[in-house]
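Read through the structure below, which is laid out as structure tokens, and then see the notes.
The values are calculated or read from the model by the stated rules, or taken from the named source; none is laboratory data. For clarity, every value in this text was computed on a predicted model and none was experimentally measured. In this analysis, Cβ positions are derived from the backbone assuming ideal geometry, glycine residues included, and neighbour counts consider all displayed protein chains. All accessible areas refer to the heavy atoms of the entire protein, side chains included, with ligands and DNA or RNA removed. Shrake-Rupley method; radii C 1.70, N 1.55, O 1.52, S 1.80 Å.
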Amino acid sequence: MSTPARAWHAELAWLPGSGVRPDVLIEASGDRFTAVTPDVPAADVPDALRAGLVRLPGLTLPGLANAHSHAFHRALRGATQVGLGTFWTWRERMYQVASELDPDSYLALARAVYAEMALAGVTCVGEFHYLHHQPGGVPFQDPNEMSRALIEAAAQAGIRMTLLDTCYLAGGLGRDGTPQPLEGTQLRFGDGDGEAWAARAERLGADKHGLLGPLARVGAAIHSVRAVPLGQMHPVVAWAQRYGAPLHAHVSEQRAENEACLAAYRRTPTEVLYDAGVLGPRATAVHATHLVGRDVELLGGSRTYACLCPTTEADLADGIGPARELAGAGCPLTLGSDSQAVIDLFEEARRVELGERLASGQRGHFRAGELARAATTDGHASLGWPDAGEIASGAIADLVTVGLDSPRLAGATRTTALASVVFAASAADVRHVVVGGRDLVADGRHLLIDDVPGALAAAIRPLLGT
Ligand SMILES: [Zn+2]
């Protein structure tokens, strides 16, 4: 994929080490930045770069990484808020949507969802994918057909993806550690055992660096300690290790998970994952909500990422995780839209700080820059793209520009711009998005998919039976 040399002129840009700088000339060749120069007034841009120069009014950030997504949950938005409900009514509805999807309908839905993400400034998604098989658990002719639909969806929507191929083997844990069999829709998730999961994942055909294409790479996931028995985790860990691939797991999202795990193993979910060799600098603990002190030590000491999904954790009444403690112990934080209750990483970012304030009764736990780092640099690294997520020469050329002229952000200055965006922007304020040196969103319009709301509605309505 060759992209000619490009240049953008950002009114303001957030640069590593130097914060928000004015008049930043950003140059790229192919999919990499080649030069990033602040303090170049537009009138002083060299003539050679003037043709095709794109002006970026507002604050330009590196592309945003959505480190935890289940694309099909987007169909549940609103539907699960009608009337009252519990976690279980939400899950029932989620399974109902999962039971309907086939490779064609999932391609259409995911393409529209990833386009919505692009409009929200997301340039890279970690898709935690477990809907592998046909109803009843029968493999498709190509057992990775659903995965390929997701990879194609991200390619059509123009965003980078890490396909976190998820091992999901059991419906729960008995008190004695016996795995409960999968039932109903869950049968679509299961590969039988860890070795069979690894054999299927191998057939994805990643190269030795884990790449599936210029914008796609593989990762692995253990759904949770409830869904993967301890004795079945090793093949997943070994497979991820062979590719140097990210390895993600849901960890202690709800108290019931901790109770089942303690009853079965006499250990917390974090301890089980630590003992299985899952944790480490390529691993991500998703949610990490209900932890004890030892869990925080194990996660931080192993430099495991902690992916917080605050809008989902609020929607599902999961709780507020110990974000500050985790960061203090050594866990880089990342952010995910998870159930797609909303797709807005600014909202996820500020809720990390606001959740701490509500839980502690005190302000001032995270600076805006730390939250922006979770949404960019650390999010990308956790998905296996360590050279994305910074506006710096040599890095992957992904950008997102937030307009500062909306009613929400008007009045922001260079000094307040980053804090204004993190604490008050909405996804609707995203104006321009660049992925791999190519413009993907311009003036708030997706350049590859004309009518994103139309594509979402067309994909979702048949799934809801309305
Ligand atoms: Zn999840």
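Data table
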item	result
Qualifying positions in region 311-332 - within 16 Å of the ligand (Cβ to nearest atom) and either open to solvent by 20 Å² or more (accessible area, probe 1.4 Å) or not in a helix (DSSP H, G or I) (or both)	ALA314, ASP315, LEU316, ALA317, ASP318, GLY319, GLY321
Residue check for ARG226: modelled with pLDDT of 95 or more, in a strand (DSSP E or B) and not polar (S, T, N, Q)	no
Neighbours by Cβ (under 6 Å, 6+ apart or cross-chain): first from region 408-432, farther than 26 Å from LEU53 by Cα; second among the aliphatic types (A, V, I, L, M) and surrounded by fewer than 18 Cβ atoms within 10 Å (Cβ to Cβ)	ARG408/ALA424
Of residues in region 273-296 being in a helix (DSSP H, G or I) and within 22 Å of ALA67 (Cβ to Cβ), the one most open to solvent (accessible area, probe 1.4 Å)	TYR274
Where GLY280 falls short, out of the listed (1) of a type outside the set (Asp, Glu); (2) within 16 Å of the ligand (Cβ to nearest atom); (3) over 17 Å from the mean Cα position of the chain (by Cα)	(2)
Residue ranges of helices (runs of 4 or more DSSP H) in region 64-180 with at least 2 members farther than 30 Å from ALA397 by Cα, at pLDDT below 95 and touching a Ser or Thr at 6+ places or on another chain (Cβ under 6 Å)	87-100
Unique residue being hydroxyl-bearing (Ser, Thr, Tyr) and in contact with a His (Cβ under 6 Å, 6 or more places away or on another chain) when the list is SER360, SER339	SER339
Pair list, Cβ < 8 Å and 6+ apart or interchain, from region 367-394 residues that are charged (D, E, K, R) to residues that are assigned to a loop (DSSP other than H, G, I, E, B) and surrounded by 24 or more Cβ atoms within 10 Å (Cβ to Cβ)	ASP378/GLY389; GLU390/THR376
Which listed residue is closer than 25 Å to ARG445 by Cβ and of a type outside the set (Val, Ile, Thr), from GLY355, GLY403, GLY361	GLY403
Subset of region 229-267 (residues that are open to solvent by less than 10 Å² (accessible area, probe 1.4 Å), within 20 Å of SER147 (Cα to Cα) and part of a loop (DSSP other than H, G, I, E, B))	ALA245, PRO246
Scope region 76-135; condition open to solvent by less than 20 Å² (accessible area, probe 1.4 Å), among the polar types (S, T, N, Q) and over 30 Å from LEU59 (Cβ atoms); matching residues	none
Region 443-455, residues that are within 30 Å of ALA5 (Cβ to Cβ) and in contact (Cβ under 8 Å) with a residue 60 or more places away in the chain	GLY444, HIS446, LEU447, LEU448, ILE449, VAL452
Residue check for HIS68: open to solvent by less than 20 Å² (accessible area, probe 1.4 Å), within 16 Å of the ligand (Cβ to nearest atom) and not β-branched (Val, Ile, Thr)	yes
Test: residue in region 218-230 that is more than 16 Å from the ligand (Cβ to nearest atom) and over 22 Å from TYR274 (Cβ atoms)	yes
